[in-house]
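Written out below as structure tokens is the structure these notes cover.
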Amino acid sequence: MAIDLDMFSDKVKRYCSQFQVSPRELAEQTGISVERFEDITSSKATPTGDEVLIIADFFKCDYKFFISNERLAPFEQTEELFRSHGDVLTREDRWGIQEFLFLCECQEFLLRALSETPQVQPFTFVKSGTYFKAHGQQAAAALRQFLNYAPHAVPTNIYRDFRRLGLHVFRRQIGQSTISGIYVRHPVAGHCVLVNYSEDVFRQRFSAAHEVAHAILDYDKDVIVSFTRWDRQDLSEVRANTFASQFLMPPEFLTRIPDARQWDDRKILEYARNLMVNPEALTYALRDAGLITDADVSAYKVLRIPQDEKSDPELPVELSEKSRARKAAMLQKGLSDDYVALCIKAYEEAVVTRGRLSEMLLVDETGLDGLCDLYGRKLDHGH
């Protein structure tokens, strides 16, 4: 199929603009000379097949996007996102978001290639009425029931729970700390959730549930960026916060606990720690349930739980200090145990090559063995 040179060059130039990449930098990173790159982006020269693949690999996207106009690409979504929020996103953040979308596409491909999709249990919720807060309450209760949670059960590994629904949930460090999470309705991968790993561990749990609410309730939107300090006049944010609160702290649980009006600081911290939420989130939930007053909220929400008393389901306490540090570094890049295991399985079943495996795990081939060693796996170099 002949390449539309004008369309190809336009896409490449817009990607360069999105990620603030100069022709010289692209040349250094790809091995394509500046002169050759300028000829390609000015439609004076037709890129070779290898050049298309190299440019697509550099921008972490499907090469088919550059040579076809038959399907929407995540390009349009990142362009919308950067146009709307470019003033708060650094260049590193932009590349982090692009890598997140790349991981989502990889995960979707692997799930289908490995016939893992039957293990996925899609969840749908049909909104009724126009009361946004009620949507959040009802959806949280319905999802807890769908996941077979007892009314008083506390969700532990919510990331795995949400992935079971077919959602692509990744935790990734975003330098811009005012962003707590991002939801993207990806044209290939579907519902994708990014949680800012820079945030506090318990806050990440709340952010994950908040973004999942957008996936369940705001499925008509392509991109939603959630900020730590959100607009309380935005009804979709109110709804997502209500969902997150009641999914993590169901009213049935709160009403079974002793009279909260008699609590002190120690008791608030104890319950917040057990629920794996921060005291601020707990106090607002207690107030909304009519169990404490606004004055209590003001007194308790400023309390803090020490970081070393917070557990992370994706960094088990039984790991050695060195292994925890290495896995934490991987989570900063978006690489969870679930995703890494899926990638390695694909290699072992000859679905992907060693080179493709390294791309999917965001490492070069020299670092691949060390990463797999962390999971007690050895790669067959002759595979």
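Computed from the coordinates by the stated procedures, all read-outs in this text should not be read as laboratory data. Treat the numbers as computed from the prediction; the structure is a model and nothing was measured. Methodologically, a virtual Cβ is constructed for each residue, glycine included, from the backbone with ideal geometry; neighbour enumeration extends over all protein chains shown.
Quick note on segment 101-141: its Rg to Rh ratio, both from C-alpha atoms and Rh being the Kirkwood radius, is 1.22. For Asp220 and Glu80, the difference between the fully extended length at 0.36 nm per residue and the C-alpha to C-alpha distance is 48.9 nm. Among Leu248, Leu53, Leu319, the largest mean-square fluctuation in a Gaussian network model of the chain (Cα springs under 10 Å) belongs to Leu319.
To the nearest 0.05, how large is the calculated FRET efficiency for Glu349 and Tyr149 if R₀ is 35 Å and r is the Cβ-Cβ distance? Each step should come with its number before you reach the end.
Values: r = 33 Å, r/R0 = 0.95.
About 0.60, to the nearest 0.05.
Subtracting the Cα-Cα distance from 0.36 nm times the residue separation, let me have the gained length for Leu114 to Glu99 in nm, one decimal. Answer, rounded to one decimal: 3.2 nm.
Cα-Cα pairs above 23 Å in segment 46-169: how many percent? Provide the component values of the computation, followed by the final result.
Details: 4190 of 7626 pairs.
Tail fraction, whole percent: 55.
All C-alpha to C-alpha distances of segment 341-383, sorted into 10 Å bins beginning at zero, yield P(r) values of 31, 67, 2 percent in whole numbers. Once the Cα atoms are used to define both axes, helix 265-275 deviates from the longest principal axis of the chain by about 50 degrees. Over the chain, dividing the summed -39,500 (n - 2.57) contributions of all DSSP H runs of at least 4 residues by the number of residues returns a 222 nm mean residue ellipticity of -16000 deg cm²/dmol. Taking the alpha carbon gyration tensor of the chain, multiplying each eigenvalue by 5 and rooting it gives semi-axes of 41, 24, 19 Å, largest first. Shape analysis of segment 251-383 based on the Cα gyration tensor places the equivalent ellipsoid semi-axes at 46, 14, 12 Å, largest first. If you take every residue apart from Asp161 with its C-beta less than 13 Å away from the C-beta of Asp161, what net charge results, scoring Lys and Arg +1 and Asp and Glu -1? Every neighbour counted, the sum reads +3.
Note on segment 104-232: Cα-only Rg and Dmax are 14.7, 43 Å.
Quick check: net charge around Leu374, other residues with Cβ under 13 Å of its Cβ, Lys/Arg +1 and Asp/Glu -1? Walk me through the numbers before you get to the answer.
On the way: positive: Lys322, Arg324, Arg326, Lys327, Arg377, Lys378; negative: Asp337, Asp369, Asp373.
Here the charged neighbours net out to +3.
Using the Cβ of Ala213 as centre and a radius below 10 Å, the other residues enclosed give a net charge of -2, where K and R count +1 and D and E count -1. On the beta carbon distance between Thr366 and Asn274, with R0 = 45 Å, the FRET formula returns roughly 0.55.
Here the scattering of segment 281-343 is modelled by Debye summation over its C-alpha atoms, one equal scatterer each and no solvent; at q = 0.15, 0.16 Å⁻¹ the log10 of I(q)/I(0) is -0.66, -0.69. Considered as an equivalent ellipsoid built on the Cα gyration tensor, segment 1-85 has semi-axes of 19, 16, 11 Å, the largest given first.
What is the ratio of the Cα radius of gyration of segment 2-45 to 2.2 N^0.38 Å, with N the residue count, to two decimals?
Numbers: Rg = 10.0 Å, N = 44, 2.2 N^0.38 = 9.3 Å.
Segment 2-45 yields a ratio of 1.08.
Once Rg and the Kirkwood radius are both taken over the C-alpha atoms of segment 200-309, their ratio Rg/Rh works out to 0.98.
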